[in-house]
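Since the structure comes first, as structure tokens, the remarks are kept for the end.
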Amino acid sequence: MRTITLSVNGEDLTVTVEPRESLADVLRERLDLTGTHLGCEHGVCGACTIEVDGKATRACLILAVMAEGRRITTIEGLRDDPVAAVLRRHFHEQHALQCGFCTPGMLIMARDLLNRSTPSSEKDVREGLAGQMCRCTGYAGIVRAVLAAADETTSTRSPTP
Ligand code: FES
Ligand code: FES
């Protein structure tokens, strides 16, 4: 076992993990942050998407020991985030979820997209979320929701290159 320290949703934590454990497993099983979902567990579906040092990242592809000293943000850490709040409202209004399994990862990736660009077309959104899989919605509601959120937040965001 290894003891690591990391920041999770703004809180400095020390946790003992097995060297083979993924960060996704540690978030879910040891820290009870079950908003990070696990689908494929090999980097394809995007359900496990979190932020590591501010970058959207697949939590199933990182060993927890690699997260030593890193700043982790999960969907639970975005409760008070203004862009995430706008996205959640539009996801609700546009029926952008059904079972909700993909939704935490989808929201994190959509927020990442909005924070680094201003998607203005369906093509922009579909390309930006191409790594996120949804088995229920057919994506149309998701695209509408992200475009509506982009429109609403354009004046308040500062996209980074
Ligand atoms: S569970 Fe990580 S990408 Fe599918
Ligand atoms: S809402 Fe069910 S997988 Fe996306």
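Brief remarks follow.
- Based on protein heavy atoms only, segment 80-153 ends up with 49 Å² per residue of surface accessible to a 1.4 Å probe.
- Projecting label points 7 angstrom from Cα along Cα→Cβ for GLU68 and GLU93 puts them 4.7 nm apart.
- Apolar share of the accessible surface for segment 80-153: 52 percent from carbon plus sulfur atoms, 1.4 Å probe.
- Environment charge of CYS48, counting only residues whose C-beta is closer than 10 Å and scoring Lys/Arg +1, Asp/Glu -1: 0
- Within segment 2-77, the percentage of alpha carbon pairs spaced more than 14 angstrom apart rounds to 53%.
- Helical contribution to [θ] at 222 nm, DSSP H n ≥ 4, -39,500 (n - 2.57), averaged over the chain, rounded to 500: -9000 deg cm²/dmol
- Computed FRET value (nearest 0.05) for ASP12 with ALA130, which takes r as the C-beta separation and R₀ as 25 Å: 0.15
- Using the alpha-carbon positions of the chain, Rg (one decimal) and Dmax (whole number) come out as 15.6, 48 Å.
- Inter-label distance for SER121 and ARG2, nm, one decimal - labels placed 7 Å from Cα along Cα-to-Cβ: 4.5
- FRET efficiency estimate (nearest 0.05) - Cβ-Cβ, VAL44 to ASP151, R0 41 angstrom: 0.85
- A cut-off under 11 angstrom between Cβ atoms defines the neighbours of LEU38, and their net charge, with Lys, Arg +1 and Asp, Glu -1, is -1.
- For GLU21, residues with placed amide H under 5 Å, excluding near neighbours: ALA64
The values are calculated or read from the model by the stated rules, or taken from the named source; none is laboratory data. Because the structure is predicted, anything quoted here is derived from the model rather than measured. No Cβ is skipped: glycine too gets one built from the backbone with ideal geometry, and neighbour counts run over all protein chains shown. Note: accessible area is taken over every heavy atom of the protein model, side chains too, but ligands, DNA and RNA are not part of it. Shrake-Rupley method; radii C 1.70, N 1.55, O 1.52, S 1.80 Å.
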